[in-house]
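Worksheet: one structure, shown below.
What follows draws every value from the coordinates through simple rules; no lab data is involved. Please read these numbers as outputs of a predicted model, since none were measured by experiment. All Cβ positions, glycine included, derive from the backbone under ideal geometry; neighbour counts span all protein chains shown.
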Amino acid sequence: SWADVKVSLNPQNTGETISKYIYGQFAEHLGSGIYGGIWVGEDSPIPNKNGFRNDVIKALQELQVPVIRWPGGCFADEYRWRDGIGPREQRPIRVNTHWGGVEEPNTFGTHEFFELVELLNTEAYVAGNLGTGSPQEMAEWLEYIVSNSNSTVVAERKKNGREEPWEVAFWGVGNESWGCGGNLTPEYYTNLYRHFSTFVKATGAKRPKLVASGSYDDDETWTTPLSKLKNNIDGISHHYYTLPTSDWSIKGAATGFDEKEWILTLERTLKIDSYLATQTGILKKNNPEGNIGLYLDEWGTWYDAEPGTNPGFLYQQNTVRDAIVAAVNLNIFHNYADRLHMANIAQMVNVLQAMILTDNEKMLLTPTYHVFKMYIPFQDATHIPLDIKGQRDYSAHKTTVPGFSASAAKTPNGNIVVSLVNLNPNEAEEVSIALQGIKVKTITGELLTSQKMDAHNTFDKPNNVQPRALNQSDYSISKNGKTLTVKLPAKAVVVLQLNK
Ligand code: AHR
């Protein structure tokens, strides 16, 4: 037998606010991420309102999505915003050169995106085109969206059916400019950023926060020059994807994997901790004023595409392994809340580590969706750093990772939310939590686990993996009320709330 994990929870020991934007989403014109997944058009037999799928919209509303990044990704640096306005039947057709070479009908454009933002009661993060667009196009797009002037550009918006301006909270200036965004060098991009960002102003309206296109993994060469900029910058983006094999040509399968790929996936995903330490460290050094944040605006698992699907569509299944990956990452993100101003999982529907998968009229919620929903109380809560002792390592196939991960926060209404994750797929864990000065009236919460490592939901069995409410047999409180003991099954995520 082993020592239990001992967690000490002292609510006086409060840290930073965990920005709700850490729970952000990313929706690109890629595969069926938009077309089919969110937008089916008004004439579709799939139940919809104004072209938006009713089932998907309802599920996303329940997820309390705080922000959506759109229209890419790599797509953003080829996107001509003018293609996506005006009567739909007159919009040009382009080729989506990055993602499968398919036709881009442009029936989902600026008006449709902002309708989605309103439907989900969320905020907009527009990714501007630096790769193939001009500063003028970028400036006019922003003007079209936010201005209330009498300019011809605004008159066009009104003619297209939108009288009032929209609000855009965040604006990206290019994407992965080291790669699909133009294969630029950091120095050249930094100059282009200075150039473009000068013109991204919203005369007479609230200017969005401006986000520069940064780097990936542990690379510092973009963060360093960008973090030294003094004007027109609020954030630097960063990307990190979790591949089981770390080999882009054979990434590993989304289902049907063995324990070796389980542990390698976790080992790879945990690297985000040191990557965030490096990137936020550079920001703290070069920008002690603290106005520039890190925007991890793409993260998540990336597997080989589902057999039989277009590899350019990045469609993959989602298992309890993805649920563990999501929970472990979110727990880590909370530790960097002082500089991590946003994170956007890739992607919202049908692409990579998706919340939702669709197949024509069918829809399922993934294990990752359930984790994001369980974690809602962490949005804008105050972090409570934990003191954790006695946690076991989990080892398999010559690899060792911590077997346990936890996080806690005080919610705006004064309750305490705790997440507990068991990374070990074989052995249960008992967690005892020392409640320092916390008087608990009731405990509510949910548990997500499964028998199999690759348990997932299918269109025929959409509820195979789903959380269940915690019950009395899952936890106990000591007689003196000072210790809460939780039984954490193998490969499980628990989120519980200690209610006042
Ligand atoms: O999320 C898929 C792609 O991954 C994005 O378009 C790109 O930015 C990244 O390489």
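A dipole drawn for the stretch 20-380 from +1 and -1 charges on Cβ atoms has a positive end, and of ALA212, ILE57, LEU264 the residue lying farthest that way is ALA212. Checking every one of the chymotrypsin sites (Phe, Trp or Tyr not before Pro) in the stretch 221-256 against DSSP loop status and a limit of 10 other Cβ atoms within 10 Å picks out TRP248.
Taking the Cα centre of the chain as origin and assigning +1 to Lys and Arg Cβ atoms and -1 to Asp and Glu Cβ atoms, the resulting dipole is close to 1540 debye. Taking GluC sites (Glu not before Pro) in DSSP loop states with no more than 16 other Cβ atoms inside 10 Å as exposed sites, the chain has its longest site-free stretch at 43-162.
Proximity of backbone amide H atoms, modeled 1.01 Å from N, is registered between GLU104 and ARG94, VAL95, ASN96 at under 5 Å, excluding neighbours fewer than 5 places apart on the same chain.
Taking amide H as placed 1.01 Å from N in the peptide plane, the amide H of HIS239 sits under 5 Å from that of SER215, TYR216, ASP217, each at least 5 places away or on another chain. Taking other C-beta atoms within 10 Å as the exposure proxy, LYS49, LYS410, LYS201 rank LYS49, LYS201, LYS410 from fewest upward. Listed by chain and number, the lysines whose alpha-carbon sits under 17 Å from that of LYS452, ignoring those within fewer than 8 places in the same chain, are LYS260, LYS461, LYS491.
Starting from the stretch 1-104, pick out the chymotrypsin sites (Phe, Trp or Tyr not before Pro) whose DSSP state is loop and whose Cβ has at most 11 other Cβ atoms within 10 Å. Passing sites in the stretch 1-104 are TRP2. With distances taken between every two different alpha-carbon atoms, the chain has a Kirkwood hydrodynamic radius of 23.4 Å.
Taking the longest Cα principal axis of the chain as reference, the axis of helix 110-119 is set at about 30 degrees. Farthest toward the positive end of the dipole of the chain, out of LEU484, ILE38, THR198, is the Cα of LEU484, where the dipole comes from beta carbon charges about the Cα centre. Sequence neighbours fewer than 8 away in the same chain don't count; with that in mind, list the aspartates and glutamates whose C-alpha is under 20 Å from LYS230. LYS230 reaches GLU187, GLU220, GLU289, ASP338. Among the listed pairs LYS271/LYS389; LYS398/LYS482; LYS6/LYS271, a Cα-Cα separation exceeding 31 Å is found for LYS398/LYS482. Each Lys and Arg adds +1 at its Cβ and each Asp and Glu adds -1 at its Cβ; summed about the Cα centre, the stretch 168-239 shows a dipole of about 640 debye.
Counting other Cβ atoms within 10 Å, which trypsin sites (Lys or Arg not before Pro) in the stretch 211-266 have at most 12 and lie in a DSSP loop? Kindly include the intermediate steps, with their values, before the conclusion.
Details: sites: LYS228, LYS230, LYS251, LYS260; in loops: LYS228, LYS230, LYS251.
Counting only loop positions with at most 12 other Cβ atoms within 10 Å, the trypsin sites (Lys or Arg not before Pro) in the stretch 211-266 are LYS230.
Which cross-chain or sequence-distant (5 or more) residues have an amide H under 5 Å from the amide H of ILE384, H modelled 1.01 Å from N in plane? Amide H to amide H, under 5 Å and 5 or more residues apart or across chains, ILE384 pairs with GLY15, ALA408, ALA409, LYS410. Couplings for the stretch 481-494, taken from phi via the Karplus curve 6.51 cos²θ - 1.76 cosθ + 1.60 with θ = phi - 60°, read x, 9, 10, 10, 10, 10, 8, 10, x, 4, 5, 9, 10, 10 Hz in order; Gly and Pro are left as x. The relative contact order of the chain comes to 19 percent, based on Cα pairs under 8 Å that sit 6 or more residues apart.
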